[in-house]
Every structure is written in structure tokens, then in C-alpha cells.
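A short worksheet on the structure shown next.
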Amino acid sequence: MTSSLNLDSPAPSIKVQNWLRGDPLSNFQLGKIYIVEFFSTTCGYCEPDLSDLAKLHKKFIDTGVEFIGIAAREEAATADDARAQVDASITKSLPNTNIRIGLDHSGEMDEDWLIASLSFHVPKTFVVDRDGRIAFIGDLVMLEDVLPKVIDGSWRASAEAKNAEEERIAEGETYAAQIVS
């Protein structure tokens, strides 16, 4: 299994069935930077990660960076149950957020973003740069260092970005080989 969504790939579109917070968004606007955070309400690490996302949003609010949370891989009997789960979780963990929150219960975004990038676990963070390309795939904690470099345009072509991407792909390929065998 290989990664087909990588550093410098065009960002896939956003295909959510429900927007639970914020205005709907289906396409990335050139000239803007987006943080796309995939999470699940059944993931033990995701609630603290969403709190960290909100803190990062506050820190970078004046930069024009847009923050988006995408609930994916919800374990619920129906789409309505999944929507209720996510809504309750967001109300609890991010009560006053103005971060857009969408729910993908079709699995399209999971396929187009997570599986395509060999990202087998959530939470997972993607950065889409001003050119509409993937600038970063990884853990939210790395954004303190990465995001200023994406904003100033120095990240995507840097050796640091290429090294991080090679490590991410190697880890994903190793994990994929383990789950296939």
C-alpha cells in the first residue's frame, strides 16, 4: 500500500453531509490556509486534541488561517446517531467555538484524505496552503512550529518538510504492511 495523498498533492475536496458548526464549505479558496483536523468522538485522544485545536485557533486568529474539524470514523448505528454524538461532544468540549465542524458519515473523506495518506488513526491534522496543496500531514502538536512556516511560505519546499513527510510515509507503509498481513 502506498500513499497517494502527500506533501504537495492537490487537496481533495470537502465532502461532509452535515455542518454542525460554522458555514458550509465545499472547496478550498486559493490564497487561504486551512487546518483540517480529523477526529472521532470514540477516540480517547481526540477531545484533548480538539481543545488544543481551539487554543491554536485563538493563537493564529489574526493570520486568516481557517480551522476545520471533520468528524470521521464515527461508530454509530445510524447517521442521525453519529450526528447526535458529534454534536454533544462538540457542545461539551468546544462550547463557544467558531471553528467549522463537519460530519462525514459517508466515508468519502476518510477514503480521500485519511486512507489515501496512509493515516490509519485519528486525530490527524492536514494543512492546505495558499496554493490549495497539502503542506503538512501529521499531529497537531507539530503545528506550533510548522504553521508559521506555512504562513510565510517557507515550509513546503524545506528539507524539514520533506524529512517529516518521508518519516510519515515510512510509518504509514509499515503499519499498512502489518494490518494487511
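The values are calculated or read from the model by the stated rules, or taken from the named source; none is laboratory data. Only a predicted model underlies this, so the values are computations on that prediction, with no experimental measurement involved. Cβ placement follows ideal geometry from the backbone for every residue including glycine, while neighbour counts extend to all protein chains displayed. Ligands, DNA and RNA are excluded from the accessible area calculation, which covers all protein heavy atoms including side chains. Shrake-Rupley method; radii C 1.70, N 1.55, O 1.52, S 1.80 Å.
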Rounded to the nearest 10 Å², the accessible area of LYS124 at probe 1.4 Å = 40
inquiry  = Considering only protein heavy atoms and a probe of 1.4 Å, how much of the accessible area of segment 48-181 is carbon and sulfur, as a whole percent?
reply    = 50
remark   = As a percent rounded to 5, the proportion of antiparallel DSSP bridges among beta bridges in the chain is 55
query = To the nearest 20 debye, what is the magnitude of the charge dipole of the chain about its Cα centre, counting +1 on the Cβ of each Lys and Arg and -1 on the Cβ of each Asp and Glu?
reply = 460
query = When the chain is fully extended, how far beyond the present Cα-Cα distance does MET1 get from GLU166, taking 0.36 nm per residue of separation?
reply = 57.9 nm
remark   = Honestly the chain on the Cα gyration tensor test (a ≥ b ≥ c root eigenvalues; a/c under 1.5 rounded, otherwise a/b vs b/c for prolate or oblate) is just oblate
ask   = Label 7 Å along Cα→Cβ of ILE179; segment 105-145 residues with amide nitrogen under 16 Å?
value = 107-125, 138
key: Highest-MSF residue in the chain out of ASP80, ASP112, ASP131 [GNM, Cα springs under 10 Å]   = ASP80
ask   = For ARG133, which sequence-distant residues (separation of 5 or more, or a different chain) have an amide H within less than 5 Å of its own amide H, given hydrogens modelled in the peptide plane?
value = ALA11
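Keeping every protein chain in place, order ARG130, ARG73, ARG168 by accessible area at 1.4 Å, biggest value first, i.e. largest first.
Listed by decreasing accessible area, they come as ARG130, ARG73, ARG168.
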key: Set of lysines with alpha-carbon distance to LYS92 below 26 Å, sequence-local pairs under 8 removed   = LYS15, LYS55, LYS58, LYS59, LYS124
task = Please identify, among PRO95, PRO148, PRO123, the residue showing maximal mean-square fluctuation in a Gaussian network model of the chain using a 10 angstrom Cα cutoff.
result = PRO95
ask   = Given H placed on each backbone N at 1.01 Å, which residues far from ILE33 in sequence or on other chains put an amide H within less than 5 Å of it?
value = GLU66
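Could you report segment 75-131's accessible area per residue, 1.4 Å probe, as an integer in Å²?
On a per-residue basis, segment 75-131 sits at 44 Å².
What does the helix-only formula give at 222 nm for the chain: each DSSP H stretch with n ≥ 4 adding -39500 (n - 2.57), the total divided by the residues, and the result rounded to the nearest 500 deg cm²/dmol? Provide the component values of the computation, followed by the final result.
Numbers: 4 runs with 60 residues, N = 181.
Result for the chain: -11000 deg cm²/dmol, rounded to the nearest 500.
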inquiry  = On a full-extension model of 0.36 nm per residue, what is the gain between GLU108 and VAL141, subtracting their alpha-carbon distance, rounded to one decimal in nm?
reply    = 9.3 nm
